[in-house]
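What follows is calculated from the coordinates using simple rules that are stated; it is not laboratory data. Everything numeric in this text was worked out from a predicted model, so none of it was measured. Positions of Cβ are generated from backbone atoms using ideal geometry, with glycine treated the same way; all protein chains shown enter the neighbour counts.
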């Protein structure tokens with residue numbers, strides 16, 4: 001008698017891989033991100049502080065400050081001219097799953 005063994009391997013890729021990978025490995029942690037702001041050295045300097053949870057670390061960060069400028073560090077400082085801006089943070093995990101957070105900020109002189 002000959003025994004036949006079939007092995008199936010499931011590879012999860014793309015946007016759902018971080019969430020499904022966590023669930024399948026027992027983690028089940030939802031991929032989420034957020035950011036806060038604090039004043040910098042002047043009224044027009046803003047410190048951004050990001051948080052990311054879930055997904056599969058390490059994380060990558062892409063900031064758009066709403067004035068045509070960008071950053072790729074986790075907690076950047078940016079100098080604005082007075083006004084209201086829509087700031088966007090995109091956090092990508094190591095599987096390229098992403099979370100986007102947008103907030104309006106008002107900067108005064």
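Could you sort the peptides 96-107, 46-57 by per-residue average Cβ neighbour count (10 Å cutoff), highest mean leading?
Going by the mean number of other Cβ atoms within 10 Å, highest first, we get 46-57, 96-107.
Can you run the Rg to Rh ratio on the stretch 17-107? Use alpha carbon positions and the Kirkwood inverse-distance Rh.
Computed over Cα atoms, the ratio is 1.06.
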